[in-house]
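The values are calculated or read from the model by the stated rules, or taken from the named source; none is laboratory data. What you see is a predicted model; the values in this text were computed from it and never measured. Glycine gets a Cβ as well: all are built from the backbone with ideal geometry, and neighbour counts include every protein chain shown.
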Amino acid sequence: MKGQAVSDAKNQLMGDIEQSTELLRFTTAGSVDDGKSTLIGRLLYDSKSIFEDQYEAIKATSERRGEEGVNLALLTDGLKAEREQGITIDVAYRYFATPKRKFIIADTPGHIEYTRNMVTGASTANVALILIDARNGIVEQTRRHAFISSLLQIPHLVVCINKMDLVDYSEEAYNAIKEEFSQFSSKLDVKDVHFIPISALMGDNVVERSENTPWYDGTTLMYYLENVHIGSDHNFIDCRFPVQHVIRPYKDEFHDYRGYAGRIAGGVFKKGDAVMILPSGFTTKIAKIETFDGELEEAHPPMSVTMLLEDDLDLSRGGMIVRENNVPDIGQDVDAMICWFSDKPLQPRGKYTIMHTSQDARCIVKEIRYKLDINSLHRNTEDTNIGMNDIGRVVLRTTKPLFMDTYRRNRITGSFVLIDEGTNNTVAAGMII
Amino acid sequence: MNYQLNHLRELEAESIYVLREVAAQFEKPVLMFSGGKDSILMVHLAMKAFHPARIPFTLLHVDTGHNFEETIKYRDNLVARIGAKLIVGSVQDAIDNGTVREEKGFNASRNGLQTAVLLDELEKGKFDAAMGGARRDEEKARAKERFFSHRDEFGQWDPKNQRPELWNIFNGKKQYGEHFRIFPISNWTELDVWQYLAIEEVELPSLYFAHKRKVFKRDGTLLADTPIIQKRANEEVVEMMVRCRTIGDITCTGVWESDADNLEKIIQEVSTTRMTERGGRTDDKRSETSMEDRKKKGYF
Ligand SMILES: Nc1nc2c(ncn2[C@@H]2O[C@H](COP(=O)(O)OP(=O)(O)OP(=O)(O)O)[C@@H](O)[C@H]2O)c(=O)[nH]1
Ligand SMILES: [Mg+2]
């Protein structure tokens with residue numbers, strides 16, 4: 001259907017589509033049963049983002065199970081095992097849009113056993129919603145998830161004090177929890193913490209302002225999500241281009257073509273820029289920045305492009321294009337915080353595969369500096385046994401140099417995963433310090 | 001200077017990144033091509049990812065033999081145009097040689113039979129990664145998928161024990177005999193797909209545009225009238241303006257009453273619809289967890 005129909009649609013739509021819409025990724029967090037999935041269901045339902053057939057399906061399931069109303073948590077708890085147990089096991093992704101923004105939601109599990117899935121959902125988020133049951137207040141999982149959110153450098157935390165309907169919408173209950181959380185979070189590396197009293201079940205302050213909390217003069221959750229300034233998560237200063245793949249077309253007209261394909265991890269690259277390539281350290285210039293749609297004058301995160309260089313140099317997957325006067329840390333010692341996911345504890349002197357940007361290497365655990373006590377945030381240097389769901393600080397020694405930045409500076413060149421060489425499982429998330 | 005990408009360009013960049021990871025991490029990846037808009041989108045993104053080289057993947061079509069005619073025509077044109085290699089796995093052949101048994105009766109469908117044929121083709125071709133155009137917004141089990149989804153030697157998905165997937169670091173390591181399913185367009189919604197196909201001017205099968213067709217109603221779903229589907233005596237055939245929102249096996253792909261005969265109208269329709277696109281898929285309606293059950297066995 002090329003031709004007129006498309007051109008018309010294109011002219012009309014291009015404008016709207018191209019200038020629209022910011023994408024906000026948010027995640028839920030907090031202890032088991034504090035109401036995360038119910039909140040997501042409520043948010044989707046009250047913003048009219050649920051389709052009729054989806055609603056009919058969860059209504060029928062709720063009735064069959066003899067539940068009182070329609071259980072909105074079923075919108076994200078889609079696995080058989082989740083529905084049987086009434087808990088979330090793995091992240092569910094949901095999508096909705098308002099005229100202001102497009103949202104990608106990751107609804108994550110609260111159960112400690114599935115912390116790895118919480119980290120999976122949170123690793124790409126701009127905002128974390130931390131739920132707390134107003135009856136129970138802050139529990140260990142609340143602290144763990146809040147700490148993980150700060151480790152991951154999620155810029156905004158929204159503490160949703162939930163089940164207000166079960167504490168008679170008490171301002172005192174709300175303030176007590178707010179106070180306690182603020183004390184805890186003042187010790188964390190978070191920039192922006194916001195509090196909202198809600199009832200996910202009844203809908204108070206989710207999309208509609210509640211009449212049950214006249215003492216609360218803040219905004220609803222939806223208003224917050226639509227308006228929070230997400231600025232930019234990307235680093236536009238330090239030029240980093242990890243080479244993912246080398247494009248060599250086997251066609252006569254592209255005989256000498258060698259394109260370095262990848263996604264910009266930091267900085268703004270311009271055609272003609274003098275650059276340095278790693279690991280060799282040679283310098284050259286960017287001849288072209290190419291895409292399927294034509295050449296670009298400049299490219300920035302998170303664009304996927306292909307770079308052509310003026311000189312023929314040795315560069316392949318795992319290499320990196322940077323600026324001569326702004327190079328990452330090149331080294332074989334990695335100082336990092338890690339979050340451990342495997343039931344087999346981290347082995348001192350153990351060997352693992354490390355994946356960092358487009359590089360793979362092997363590494364050995366050189367030192368375990370401390371394990372973090374999640375409740376007190378105390379750094380335990382005596383007990384350094386890092387087991388499942390523990391967070392600790394380690395030093396790794398790699399078999400070849402990595403091109404690193406601190407995680408604070410760049411989420412892409414500052415992060416890595418560890419892989420068990422026997423099972424091939426991802427056993428840790430690492431953030432470089 | 002404004003360095004903000006709009007959401008479609010951000011999704012595009014993410015998918016291209018995933019496709020390039022597949023080319024870099026696997027020895028013999030294959031792209032599952034069904035002829036629907038999602039696999040068409042995937043092919044388009046793959047062309048972008050490897051330009052000016054050809055796409056480094058073979059295409060695999062698992063053919064139930066119960067297709068809309070238009071699908072096969074479109075498929076063959078596309079393959080010729082981009083110069084790709086196509087493998088067709090035939091469900092009919094598998095039935096003929098007794099590998100699988102055909103269902104009988106009014107709601108008989110070959111949808112479930114595709115799994116055996118798919119796994120067979122993956123083994124025959126020694127493919128270590130199979131890319132699919134599944135999207136998380138389609139269905140509740142798909143909402144739980146990783147981009148890189150590990151499958152054991154029987155092709156099974158274990159949703160309770162998925163590998164953590166952090167940031168954009170994709171762990172494609174596996175033992176001999178295992179493979180990965182990869183979903184490069186996981187984060188796209190139906191509306192994103194249509195908006196993007198429109199601005200990119202991608203050619204699409206005519207089935208997606210409203211056209212006159214003989215149809216009948218079964219369990220609230222409109223099905224195309226074809227000799228392949230056995231009709232009940234009381235099922236009355238009428239002619240209507242309809243279009244497909246998904247394209248799959250003709251026996252279980254519902255069509256929708258619609259007058260959206262161009263992209264502009266389709267986008268309008270999709271952005272206001274109150275029904276999910278798989279609402280017309282009778283294969284999903286067989287039980288509450290039919291997608292999850294099929295996926296565990298190796299379906300895409
Ligand atoms: N009264 C009341 N009950 C609630 C509220 N929010 C959630 N619940 C109930 O709390 C229970 C747990 O809710 P979920 O939404 O499944 O909790 P969750 O945080 O997603 O749990 P996990 O994902 O397993 O960690 C359900 O029975 C909900 O109906 C609320 O605001 N008020
Ligand atoms: Mg939940």
Quiz item: Based on what the data block shows, is B:Glu165 of a type in the set (Asp, Glu) and at the interface with chain A (Cβ under 9 Å from one of its Cβ atoms)?
Solution: yes
Exercise. Would you check if A:Met431 is in contact with a helix residue (DSSP H, G or I) (Cβ under 9 Å, 6 or more places away or on another chain) and in a strand (DSSP E or B)?
Key: yes
Practice problem: Kindly check whether there is at least one residue in segment A:113-124 that is more than 19 Å from the chain's Cα centre (by Cα), within 16 Å of ligand 2 (Cβ to nearest atom) and not β-branched (Val, Ile, Thr). | Solution: yes
Quiz item: With respect to the numbered conditions (1) under 23 Å from the mean Cα position of the chain (by Cα); (2) closer than 29 Å to A:Ala428 by Cα, which one is the sole condition not fulfilled by A:Lys100?
Solution: (2)
Practice problem: Could you please find all residues in segment A:31-63 being within 11 Å of ligand 2 (Cβ to nearest atom) and touching an Asp or Glu at 6+ places or on another chain (Cβ under 8 Å)? | Solution: A:Ser31, A:Asp33, A:Asp34, A:Gly35, A:Lys36, A:Ser37, A:Ile40
Quiz item: If a residue has to be at pLDDT 95 or above, within 19 Å of the chain's Cα centre (by Cα) and assigned to a strand (DSSP E or B) to count, how many in segment A:128-156 make the cut?
Solution: 4
Exercise. Give A:Ala9, A:Ala73 a once-over and let me know the one that is within 16 Å of ligand 2 (Cβ to nearest atom) and at pLDDT below 90.
Key: A:Ala73
Quiz item: Does segment A:358-381 hold any residues that are over 17 Å from A:Asp335 (Cβ atoms), in contact with a strand residue (DSSP E or B) (Cβ under 9 Å, 6 or more places away or on another chain) and outside any strand (DSSP E or B), and which are they?
Solution: A:Ser358, A:Asp373, A:Ile374, A:His378
Exercise. Run down B:Lys214, B:Lys231, B:Lys295 and say which single residue is at pLDDT below 85 and surrounded by 17 or more Cβ atoms within 10 Å (Cβ to Cβ).
Key: B:Lys295
Practice problem: Go through (1) modelled with pLDDT under 85; (2) crowded, with 22+ Cβ neighbours inside 10 Å and name the single condition B:Arg101 misses. | Solution: (2)
Self-check item: Selected residue (criterion: farthest from A:Asp217 (Cα to Cα)) from residues of segment A:163-199 that are among the hydrophobic types (A, V, I, L, M, F, W, C) and out of contact with any helix residue (DSSP H, G or I) (no Cβ under 6 Å at 6 or more places or on another chain)
Solution: A:Phe184
Quiz item: Restricting attention to segment B:60-92, which residues are within 18 Å of B:Asp249 (Cα to Cα), free of Cβ contacts under 8 Å to residues at least 40 places away in the same chain and not in a helix (DSSP H, G or I)?
Solution: B:His61, B:Asp63, B:Val88, B:Gly89, B:Ser90
Quiz item: Out of (1) touching a Pro at 6+ places or on another chain (Cβ under 9 Å); (2) under 30 Å from B:Lys48 (Cα atoms), what's the single condition that is false for A:Asp311?
Solution: (1)
Exercise. For A:Ile148, state whether it is within 14 Å of another protein chain (Cβ to nearest Cβ), in contact (Cβ under 8 Å) with a residue 40 or more places away in the chain and within 15 Å of ligand 1 (Cβ to nearest atom).
Key: yes
Quiz item: For B:Leu31, all conditions in the list (1) more than 18 Å from the chain's Cα centre (by Cα); (2) assigned to a strand (DSSP E or B) hold save one; what is the number of the exception?
Solution: (1)
Exercise. Consider B:Leu31 carefully, then state whether it is crowded, with 24+ Cβ neighbours inside 10 Å, out of contact with any Lys or Arg (no Cβ under 8 Å at 6 or more places or on another chain) and farther than 22 Å from B:Tyr176 by Cα.
Key: no
Quiz item: Can you name every residue in segment A:166-198 that is under 19 Å from A:Thr38 (Cβ atoms), outside any helix (DSSP H, G or I) and over 29 Å from the mean Cα position of the chain (by Cα)?
Solution: A:Tyr169
